[in-house]
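The values are calculated or read from the model by the stated rules, or taken from the named source; none is laboratory data. Nothing here was measured: the structure is a model prediction, and the numbers come from that model. Every residue, glycine among them, receives a Cβ derived from its backbone with ideal geometry; neighbour counts consider all protein chains shown. Just so you know, the surface numbers come from the protein's heavy atoms only, side chains and all, with ligands and any DNA or RNA stripped out. Shrake-Rupley method; radii C 1.70, N 1.55, O 1.52, S 1.80 Å.
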Amino acid sequence: NKDISYLDFIMQVFKEEFTMKVNLLIENSRELDNAGGVFTENIFKKCSALSLTLKGIKADSNKINEAIKVIKNNTSIISNFRGNNLFTTAVTISYEEDMNSAFKEIDNIYNKLKNLFSSSQYLVLAAIVIFNARKRVNIEETVRNTRAIYDNMKKNHRFLTGEEDISSAAMIAITSSNLEGTLDKIEEYYRALKENGFSSGNNLQGLSHMLPLFNGEVKENVERVIRVEKALKENKVPIKGTSLPLLSIAAVVTDDFNSFAEEVKDISEKLKKEKGFGSFSLGSNIRNMMALGLAASNYAEKLNEEEKDNLINTTNNIALTIQITIEIAMASIVCATAAAASTSSSN
């Protein structure tokens with residue numbers, strides 16, 4: 001159309017691709033309503049829907065239900081693969097050709113981790129992180145590095161570091177090409193963020209774990225985090241609490257933070273109208289997190305190869321790193337939500 005400028009055309013395509021991703025998330029969410037049974041929490045289904053959407057995969061409830069049977073047939077009722085982890089693990093193996101073999105491989109990684117850590121539900125999440133990277137990492141080395149990274153976290157933040165950080169340690173183990181440098185940068189980021197007004201604690205520690213995965217000077221990236229956080233707040237889609245680590249990807253995928261925040265707001269408002277995404281059934285914080293994940297993924301896909309190379313040199317795949325970062329943040333939110341629900345029901 002001669003009446004549409006090249007820039008307008010690009011923006012139109014950009015909007016259309018955003019819409020496609022949002023629609024896929026909604027479709028996946030509806031499909032997952034048919035998986036896992038009535039006792040599977042909505043938050044598990046919505047976070048799994050996002051994970052599949054970011055990979056460009058259409059959910060298949062029949063396969064997921066079959067995967068749940070595979071897990072149950074291969075575990076005892078007290079297994080850490082049951083309960084909170086059952087649905088997430090089932091979704092993970094549901095798009096593998098051989099679900100039995102895939103589960104056995106995850107279980108094998110889990111047992112290797114269990115030799116170095118106390119048994120916990122968080123080891124399952126770490127095993128899934130490593131399993132998803134199995135084609136590009138050495139499993140034995142990655143498991144050892146996960147323990148070494150966790151020990152370093154514990155040494156620097158004894159009272160902040162707990163089982164919930166094991167999956168972050170696994171993420172660093174599969175992405176960092178220079179562990180010593182990454183660990184030093186984690187502490188630099190933690191101190192710099194704290195000096196710039198962020199409250200110390202688990203959520204700040206989580207953000208400091210993510211930022212070293214991206215290139216750039218600490219001072220510059222902290223400034224970007226501050227700016228994108230401000231833009232998100234001004235657009236009434238704040239990222240806070242256990243979602244805080246996602247500010248890392250929001251800060252690096254664009255320089256136009258206000259436009260980015262507006263996109264997050266548009267997506268969040270559209271999702272709010274859909275079943276299961278409302279303030280009562282899901283909550284604004286998690287919905288905003290999901291909207292940010294979709295926006296960040298779409299922005300990253302628009303970067304040219306030089307921009308991608310300048311942004312990241314770990315996995316050499318910005319889209320993959322965004323997926324991992326979001327999955328770790330979602331896992332933390334899900335576990336925290338489940339723990340809070342468990343505590344509430346026992347009182």
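Give me the accessible area per residue for the stretch 66-216, probe 1.4 Å, as a whole number in Å².
Numbers: 6740 Å² over 151 residues.
That works out to 45 Å² for each residue.
State the percentage of accessible surface on the stretch 28-160 attributable to carbon and sulfur atoms; use a 1.4 Å probe and exclude ligands, DNA and RNA.
Numbers: 2890 of 6490 Å².
Using a 1.4 Å probe with all protein chains present, the stretch 28-160 comes out at 44 percent carbon and sulfur.
Tell me the mean residue ellipticity at 222 nm calculated for the chain from its helices only (DSSP H runs of n ≥ 4, each -39500 (n - 2.57), averaged over every residue, nearest 500). Kindly include the intermediate steps, with their values, before the conclusion.
Details: 16 runs with 239 residues, N = 347.
Taking each H run of at least 4 residues, the total per residue is -22500 deg cm²/dmol.
What does the net charge come to around residue 140 if you take all other residues with beta carbon closer than 12 Å to its beta carbon, with K and R at +1 and D and E at -1? Net local charge, residue 140 excluded: +3.
Distance between the C-alpha centres of the stretch 95-126 and the stretch 265-281: 33 Å, rounded to the whole angstrom. Report the FRET efficiency, 1/(1 + (r/R0)^6), for residue 281 and residue 140, where r is their Cβ-Cβ distance and R0 is 51 Å, rounded to 0.05. Efficiency, from the Cβ-Cβ distance: 0.75.
Backbone phi angles across the stretch 284-297, fed through the Karplus curve with coefficients 6.51, -1.76 and 1.60 (θ = phi - 60°), yield HN-Hα couplings of 5, 5, 6, 4, 5, 4, 5, 5, 5, x, 5, 5, 4, 4 Hz in residue order; Gly and Pro are listed as x.
Cross-link partners of residue 219 among aspartates and glutamates, defined as those whose alpha carbon lies under 12 angstrom from its own and excluding same-chain residues fewer than eight positions apart: 188, 195.
Within the set 236/308; 114/155; 112/154; 154/194; 46/240; 233/265, which residue pairs have Cα atoms separated by over 22 Å?
Numbers: 236/308 29 Å; 114/155 20 Å; 112/154 20 Å; 154/194 18 Å; 46/240 19 Å; 233/265 10 Å.
Pairs exceeding the cut-off: 236/308.
Keeping all protein chains in position, work out how much accessible area residue 66 exposes to a 1.4 Å probe, and write it in Å² to the nearest 10. Per-residue accessible area (residue 66): approximately 100 Å². Only aspartates and glutamates eight or more places from residue 45 in sequence, or on another chain, were considered; those with a Cα closer than 15 Å are 27, 31, 33, 60, 274, 327.
Here Rg/Rh (Cα atoms, Kirkwood Rh) was calculated from the structure, and among (i) 1.18; (ii) 0.95; (iii) 1.09 it sits at label (ii).
Remark: the stretch 142-265 is approximated by an ellipsoid whose semi-axes, taken from the C-alpha gyration tensor as √(5λ), come to 26, 14, 13 Å, largest first. Ordered from largest to smallest accessible area (heavy atoms of protein chains, 1.4 Å probe), the residues 224, 136 come out as 136, 224.
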